[in-house]
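Peer 1: Please find one structure pasted underneath; my questions will follow.
The values are calculated or read from the model by the stated rules, or taken from the named source; none is laboratory data. All values derive from a computational prediction rather than experimental measurement. So basically every Cβ, Gly included, is an ideal-geometry build from the backbone, and we count neighbours across all protein chains shown.
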Amino acid sequence: MRFFKRKNTKKSISAIPSQYQAVDPIQKDALKTSLQENIQTIKYTLGASTDIVFREIRIGKEGSINAGIIYTDGLTDTTSLQEFILETLMLDIKEVELQKKITTGENLISLLKDLALKVGEIKEVTTLELLYNGLLSGDTVLLIDGYAQGLLISNKQWVERGVTEPVAQTVVRGPREGFSENLRVNTALIRRKIKDPNLWMESKIIGTRTKTNIEIMYINGVANDKIVKELHLRLDRIEIDGILESGNIEELIEDDAYSPFPTIFNTERPDVVAAALLEGRIAILVDGTPFVLIVPALFVQFFQASEDYYQRADISSFIRLLRFGSFGISLLAPALFIAITTFHQTMLPPALLISLTAQREGVPFPAFFEALLMELTFEILREAGVRMPRSIGSAMSIVGAFVIGTAAVEAGVISAAMVIIVSITAIASFVSPTYDIAIAVRLLRFGFMGLAATFGLFGITVGLIALILHLCSIRSFGIPYMSPLAPFNISDQKDTFIRLPKWKMFTRPRLINQQNIVRQQDSTSAKPQPPKNEE
Amino acid sequence: MKRHMIVLLILSLFLTGCWDKRELNELAITVAMGIDKVEDEFQLTAQVVVPSEVSMKQSSGRSPVTLFQAKGETVYEALRKMTISSPRKIYPGHLRMLVIGEELAQEGIGESLELLSRDWELRSDFYVVVAKDKTAAEILNVSTPIESIPANKMFNTLKTSENSWSATKGITLDDLISDLISDGQNPVLSGIYITGNEESGSSKQNVESITPSAQILYDYLAVFNKDKLVGWLTERESIGYNYITNSIKTTVTSVSCPEKGKASIEVIQFKSDMKGKINKGEPEVDVNIQVEGNVGSVECHINLKEPVTIEELEKIYEKEVKESIDQTIETAQKQYKTDIFGFGQAIHRSNPKTWKKIKEQWDEKFTDMVVNVEVDLKLRRTGTVNKSFLKSLQE
């Protein structure tokens, strides 16, 4: 009974965090006029963290005004701090502004901001909360005695990984750049591809403690407004202390939390994001990760690689069909093998049956257990391969090949046919261009093996029906996951199982994009043609 | 509580699973079965594959198949009883051959086929043959070269000979049963027999020499009246039978040359048309055979460049084939008195009303009905030479 009661207790758990999430009252406080008091508060709040640098200076003609500069060491560009902030404050303005201040009675803070400081981005802050946000994301804080205001001077700079080739999604033909961990670099990479004034970005800060920057990116007028609105709603609903990777966001906003299938696409390739934006999808960029989320995501999208659109259409179509086939293999191959060899031997041609039987002679386990053993071994090897240091990778592949391949068969523990099946399954699962759909299948495969071992092909059929029902029932931001297959849309078939040449694709995907569906005008001139002979 | 129950119910489904699960190495793959009648009991012989001997890798030189035998009052009883000698349960799903002993065939094969047509495990695409002068068990006890599994050898031999020689006929269980139950048609089955020293046939040495001391081969068609074997057709008559029933794919027929010597005609296209009719109240059947052929070899002095020669050859062929067909019909009518050609069915198709009247006395009507056979050969090609080198050889 306890299992079912959990639903109720869950509600009370979700009620608790709001108390903790309430922002620390001190942070809400406004800045005081006294510089010393402000600095004391800041020091107290930050717990005397050693990477926060406090520098008290005196500015003005006679050095009569006390000012404080605070920055986070490592996140701030110290050269520009010296050249454009300290130098300005301590040398350049000595003469000018004091008189002005006396004569006009103007605010020294806005005076500095408007006239003196040679830095692009400067914000005035009045609350401690904003001050901390700026300070801890690398801004330099300038406080002046006598003013309950401060300046956030943006001169962030920190060490980061540059734009490198994507690791998880590689191509033979296509751009080699991949996203990096820096949000601004990432948005720039997309901007460079789409120079449209309608490419809009809306930013959010999520995570009460990590204060992670998030950008929502879409092409206004192409993207579906309802989806944009829905996305905002879902993102605003998040109340959590930290977002460390876009995967955190994905889990918190996805449509069907229990489905093994991903309803949000992710990529580390700017060209994929650009293509998605052009189709009317919406990108979510999260600071600190090269993986960008794309919504809405459809089932077929996970079988489309960016390279499909750069290669010739015929080979792309073939490869795409191959991927769908491989999906089927990686989902069903072991299950079908178990079902046919333990329940439906009649289906095998006699020569094959005899050959399979010969291999099974002396194998101590039932086919199901044998398959389970091999699949688990493979999963272990695979996981080990991902986690372990690169340098011992070759050692493991030798052991793996020996354990799985040769030794198990020679010892007569496993039949050779099973090794073939498991290997085919493994290779087929690597064919999918996106990792997400491949891992969705990993768990389902075991389910199908269980069904096959208990009910044979009947079980597999029932499992497949259930799977298809499930796939048809889930949605990604309101768009049916299986579209354009269910609901069927004839015009979107141009880019589903096959890809038609670019000159035949005139419209954007129908369901994602309700407005502005035309991509290419004038269907007659789109097809390339040799020049006509003029006499 | 309700959801709890549903989960329990779903889980209990899994408890029922697996009951008909069989691992591959729990099967005794039976490729051929023989049925004999021994002292009022059915004697069932199963030729079972020894998988490890068939696979190239693990073979240790023992026989690739083994025989299990059991007797029972019914075939099914005998089949189950076989487990007293077999370590695994007989799995007949991949049966290729069913061999029926001659003695049983003479007594009637109906009862013994009932199980095989009823059991779900059996595919009905296996061939049924009759062991000539032997019991089925003896036939299954011969080892064969090339195809290490004797059942496969029997299956493939029958298939190839049916396709390219046409004196045999591969009849599957389905065909046989449909022939048995239809009016105006009696079944035939290919006959299988052993030549040579059958004592040594079962040992591995049989296939170790270049010429096996015992060999299995097909010849003759077994003629049935209803489900009882009544006699055998000769090779020539067997081909005649296939001519009439349109079951020739290709074959080679030798004909006499206008003068002395022989020539052979290769049949490449064949169509035989059987039409029933009632002539003055009596049933009659027209058999119209259209053959296209090539001149296969010429072992006499004729000049193929002359169209006349070709025509002459065609005439001779037509005459000789018609003779052999007439001979076949006469054998069936006079000697065995059984309508194996399906003439009754032809009448049934053309004159259903009359058929209803004469159905009961069909056996008598058949024996003296008129059959008009017409053969028409068209020779198409004469091979790569016009003039046989034999002529130059003699000059």
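Peer 1: Every residue in the stretch A:460-478 that is closer than 14 Å to A:Leu336 by Cβ and either modelled with pLDDT under 90 or more than 14 Å from chain B (Cβ to nearest Cβ) (or both), please.
Peer 2: Residues satisfying the conditions are A:Thr461, A:Leu464.
Peer 1: Restricted to the stretch A:250-266, and to residues that are β-branched (Val, Ile, Thr) and in contact with a helix residue (DSSP H, G or I) (Cβ under 6 Å, 6 or more places away or on another chain), which residue is nearest to A:Leu189 (Cα to Cα)?
Peer 2: Ranking the candidates gives A:Ile264 first.
Peer 1: Inside the stretch A:164-186, can you point out the residues that are farther than 30 Å from A:Val53 by Cβ and touching a Gly at 6+ places or on another chain (Cβ under 7 Å)?
Peer 2: A:Thr164, A:Glu165, A:Pro166
Peer 1: Then there's this: Run down B:Lys365, B:Lys357, B:Lys391, B:Lys353 and say which single residue is surrounded by 14 or more Cβ atoms within 10 Å (Cβ to Cβ) and in a helix (DSSP H, G or I).
Peer 2: B:Lys365
Peer 1: Enumerate the helices (runs of 4 or more DSSP H) found wholly within the stretch B:90-165, keeping only those where 2 or more residues are surrounded by 15 or more Cβ atoms within 10 Å (Cβ to Cβ) and within 14 Å of chain A (Cβ to nearest Cβ).
Peer 2: Here the list reads B:150-164.
Peer 1: Follow-up. From the list A:Arg209, A:Arg176, A:Arg191, pick out the single residue that is without any contact (Cβ under 8 Å) to a residue 40 or more places away in the chain, outside the structural domain of A:Thr263 (by TED's automatic domain parsing) and out of contact with any Cys (no Cβ under 6 Å at 6 or more places or on another chain).
Peer 2: Of A:Arg209, A:Arg176, A:Arg191, the one residue that is without any contact (Cβ under 8 Å) to a residue 40 or more places away in the chain, outside the structural domain of A:Thr263 (by TED's automatic domain parsing) and out of contact with any Cys (no Cβ under 6 Å at 6 or more places or on another chain) is A:Arg176.
Peer 1: Then there is this: Sort out which residues of the stretch B:170-194 are at pLDDT 90 or above and not in a helix (DSSP H, G or I), and write them in order of number.
Peer 2: Listed by number, the residues that qualify are B:Gly170, B:Ile171, B:Thr172, B:Asn186, B:Pro187, B:Val188, B:Leu189, B:Ser190, B:Gly191, B:Ile192, B:Tyr193, B:Ile194.
Peer 1: Still on this structure, please answer the following. Check A:Phe337 against each of (1) assigned to a loop (DSSP other than H, G, I, E, B); (2) within 14 Å of another protein chain (Cβ to nearest Cβ) and name the one condition it does not meet.
Peer 2: (1)
Peer 1: When both residues are 6+ apart or on different chains and their Cβ atoms are under 8 Å apart, which pairs have a first residue that lies in the stretch B:19-30 and is more than 8 Å from A:Gln345 (Cβ to Cβ) and more than 7 Å from chain A (Cβ to nearest Cβ), and a second that is surrounded by fewer than 21 Cβ atoms within 10 Å (Cβ to Cβ) and among the hydroxyl-bearing types (Ser, Thr, Tyr)?
Peer 2: Taking only residues 6 or more apart or on different chains, the pairs are B:Ala28/B:Ser86.
Peer 1: Now for a separate question. Return only the number of the condition from (1) touching a Ser or Thr at 6+ places or on another chain (Cβ under 6 Å); (2) buried (at least 19 other Cβ atoms within 10 Å of the Cβ) that B:Asn246 does not satisfy.
Peer 2: Failing condition for B:Asn246: (2).
Peer 1: Could you grab the pairs with beta carbons closer than 6 Å, sequence gap of 6+ or different chains, first residue in the stretch B:310-334 and among the hydrophobic types (A, V, I, L, M, F, W, C), second one in a helix (DSSP H, G or I) and modelled with pLDDT of 90 or more?
Peer 2: These pairs meet every condition: B:Ile325/B:Gly240; B:Ile325/B:Tyr243.
Peer 1: B:Ala222: within 14 Å of chain A (Cβ to nearest Cβ) and under 28 Å from B:Glu41 (Cα atoms), yes or no?
Peer 2: So B:Ala222 fails the test.
Peer 1: Ok, one more. Just the residues that are modelled with pLDDT of 80 or more, of a type in the set (Lys, Arg) and not in a strand (DSSP E or B), please, taken from the stretch B:15-63.
Peer 2: Matches in the stretch B:15-63: B:Lys21, B:Arg22, B:Arg62.
Peer 1: Now for a different question. Condition first: under 16 Å from A:Ala335 (Cα atoms), among the aromatic types (Phe, Trp, Tyr) and either surrounded by fewer than 14 Cβ atoms within 10 Å (Cβ to Cβ) or within 14 Å of another protein chain (Cβ to nearest Cβ) (or both). Can you find one or more residues in the stretch A:450-459 that meet it?
Peer 2: Checked the stretch A:450-459: at least one residue is under 16 Å from A:Ala335 (Cα atoms), among the aromatic types (Phe, Trp, Tyr) and either surrounded by fewer than 14 Cβ atoms within 10 Å (Cβ to Cβ) or within 14 Å of another protein chain (Cβ to nearest Cβ) (or both).
Peer 1: Turning to a different aspect of this structure: Which residues, taken from the stretch B:222-252, are over 19 Å from B:Asn163 (Cα atoms), not in a loop (DSSP other than H, G, I, E, B) and not small (Gly, Ala, Ser)?
Peer 2: B:Val223, B:Phe224, B:Asn225, B:Lys228, B:Leu229, B:Val230, B:Trp232
Peer 1: Let me ask another. Which ones in the stretch B:340-350 are buried (at least 24 other Cβ atoms within 10 Å of the Cβ) and assigned to a loop (DSSP other than H, G, I, E, B)?
Peer 2: B:Ile340, B:Phe341
Peer 1: Let me ask another. Out of all the residues in the stretch A:340-357, which are within 7 Å of another protein chain (Cβ to nearest Cβ), out of contact with any strand residue (DSSP E or B) (no Cβ under 9 Å at 6 or more places or on another chain) and of a type in the set (A, V, I, L, M, F, W, C)?
Peer 2: Hits for the stretch A:340-357 are A:Phe343, A:Leu356.
Every residue, every condition in (1) within 21 Å of the chain's Cα centre (by Cα); (2) of a type in the set (Asp, Glu); (3) farther than 30 Å from B:Ile358 by Cα, yes or no:
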residue: B:Ser238; (1), (2), (3): yes, no, no
residue: B:Ile244; (1), (2), (3): yes, no, no
residue: B:Lys249; (1), (2), (3): yes, no, yes
residue: B:Glu259; (1), (2), (3): no, yes, yes
residue: B:Lys262; (1), (2), (3): no, no, yes
residue: B:Lys271; (1), (2), (3): yes, no, no
residue: B:Lys277; (1), (2), (3): no, no, no
residue: B:Val287; (1), (2), (3): no, no, no
residue: B:Lys305; (1), (2), (3): no, no, yes
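Peer 1: Taking A:Ser423 and the conditions (1) part of a helix (DSSP H, G or I); (2) within 14 Å of chain B (Cβ to nearest Cβ), which numbered condition does it fall short on, given that it satisfies the others?
Peer 2: (2)
Peer 1: Answer yes or no as to whether A:Glu215 is touching a helix residue (DSSP H, G or I) at 6+ places or on another chain (Cβ under 9 Å) and either assigned by TED's automatic domain parsing to the domain that holds A:Ala283 or among the charged types (D, E, K, R) (or both).
Peer 2: In short, yes.
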